[in-house]
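Have a look at the structure below before the remarks.
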Amino acid sequence: MIGKGIKRKLIQLASFGFCNSHINGFAEGKIYDGKLKTLCCPGMNCYSCPAATLSCPVGAMQAVAGSRKFNFSFYVVGILLAFGVMFGRAICGYICPFGLIQELFAKIPLRKFHLPKWLTYLKYVLLAVFVVLLPVVMPLFSSASGGVGDPAFCKYICPVGTLEGSIPLMSSHEELRSVAGSLFILKASILVITIIACIFIHRFFCKALCPLGAIYGLLNKISFLRLKIDTKKCTSCGTCSHVCPMDVNPLKYPDSAECIRCGRCVDKCPEKAIHIGIKHTDRSS
Amino acid sequence: MDKDKKKIITAYGLLLISLFCMLYGIVRGEPDTVLRKAIHICLECIGIG
């Protein structure tokens, strides 16, 4: 019988494959330009990756909000709200392509550290300032922008774009390499820091920087898919909080904004007192 | 009303709002803006924009 951990990995691989199925884009040095890109991937996956077949929701949200026609994206927010209400941060645990990449970095057998709790709030600041505010506000202060706002998170921070977009495209385009300057150095530095941090801290980007994780985290408390603790079976042994890669205590905070529903606590609970499910009225706590 | 019921009602309410948001976005042509941005190399994303 296949374990829950293996099942999750298979779902992650299938999602990664589906979101990045335009493989020949790497050989051609071109990105996919089909209609499928009207749809947003629910996880972080740069649409400038040559293999990407879907749009990045964070990039799309900023693109619409920064455009001349609109200053808020109902379409993208609607998509994210629907995914968030149904699955919460299970999207991070099962669907997000960059989540899988981070887990692969964490496989490097070096000592792991906990992220200080206050750093987990940074992602909410990045969401509010770089994703929501700056794309709309920047054109108001710059006449050179022609009324079009920059996707500030993509431009100044996103290490996903640097890894999935910059590196493959720059390696095949001399003209792109020749214009790379200080902005690229900034983004490459953020990528290097993120990769090193992901080796030592499980899912560092998800915990500290991801604006999508911030949105889904806010919806984790009310999402249909939730953790259920059977308090009759639970002996408070602490195994669940000890094994949690996201530093959550599932017994105390089953709806924590950090829980990605990876199911590790479910697998490791010696009393089988934790379940992941969608029927939340039968919780026995 | 217990806490869980409140959460369920909030979740269904938000799901309904999300559907309206998506429909409204589609009607006013946002998917075209998304597509236009996504099918061209995003210079900002790759760090040279």
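Each reported figure results from applying straightforward, stated rules to the coordinates on display, with no laboratory input. Given the structure is predicted, the values throughout are model-derived calculations rather than measurements. Glycine gets a Cβ as well: all are built from the backbone with ideal geometry, and neighbour counts include every protein chain shown.
Helices in the protein assembly as shown, meaning DSSP H runs of at least 4 residues, each add -39500 (n - 2.57). Divided by all residues, the mean residue ellipticity at 222 nm is -13500 deg cm²/dmol. Residue pairs exceeding 21 angstrom between C-alpha atoms, taken from A:7/A:207; A:221/B:37; A:37/A:107; A:117/A:268; A:9/A:268; A:4/A:232: A:7/A:207; A:221/B:37; A:37/A:107; A:117/A:268; A:4/A:232.
Each Lys and Arg adds +1 at its Cβ and each Asp and Glu adds -1 at its Cβ; summed about the Cα centre, the protein assembly as shown shows a dipole of about 1180 debye. Quick one: grab the alpha carbon gyration tensor of segment A:1-131, order the square roots of its eigenvalues as a ≥ b ≥ c, and give me rounded if a/c is under 1.5, else prolate or oblate depending on whether a/b is larger than b/c. Cα axes put segment A:1-131 in the oblate bin. A straight chain from residue A:178 to residue A:253 at 0.36 nm per residue would run longer than the Cα-Cα distance by 22.0 nm.
State, as an integer percentage, the relative contact order of segment A:226-282 based on alpha-carbon contacts under 8 Å between residues 6 or more apart.
Across segment A:226-282, relative contact order equals 47 percent.
Largest first, the extents of the alpha carbon coordinates of chain B on the three principal axes equal 54, 27, 11 Å. Hydrophobic, long helices, defined as DSSP H runs whose alpha-carbon span along the helix axis is 15 Å or greater and whose mean Kyte-Doolittle value is at least 0.0, occur in chain A at A:4-19, A:74-87, A:182-200.
3J(HN,Hα) along segment A:255-268, derived from phi through the Karplus expression 6.51 cos²θ - 1.76 cosθ + 1.60 where θ = phi - 60°, amounts to 9, 3, 5, 8, 6, 9, 6, 5, x, 5, 5, 5, 5, 8 Hz, with x in place of Gly and Pro. A cut-off under 14 angstrom between Cβ atoms defines the neighbours of residue A:50, and their net charge, with Lys, Arg +1 and Asp, Glu -1, is -1. Rg and Dmax over the alpha-carbon atoms of the protein assembly as shown stand at 20.2, 65 Å. Exposure proxy shown here: for A:226, B:28, A:8, the number of other Cβ atoms within 10 Å sets the order, fewest to most, as B:28, A:8, A:226. The relative contact order of chain A, computed from alpha carbon pairs under 8 Å that lie at least 6 residues apart in sequence, is 22 percent. Near the amide H of residue A:228, within less than 5 Å, lie the amide hydrogens of A:275, A:276, A:277, all on another chain or at least 5 residues away, with H placed in the peptide plane.
Cβ crowding within 10 Å ranks A:28, A:175, A:271, A:164 as A:175, A:28, A:271, A:164, fewest other Cβ atoms first. Rounded, prolate or oblate, given the Cα gyration tensor of segment A:226-282, with a/c below 1.5 counting as rounded? In terms of gyration-tensor shape, oblate.
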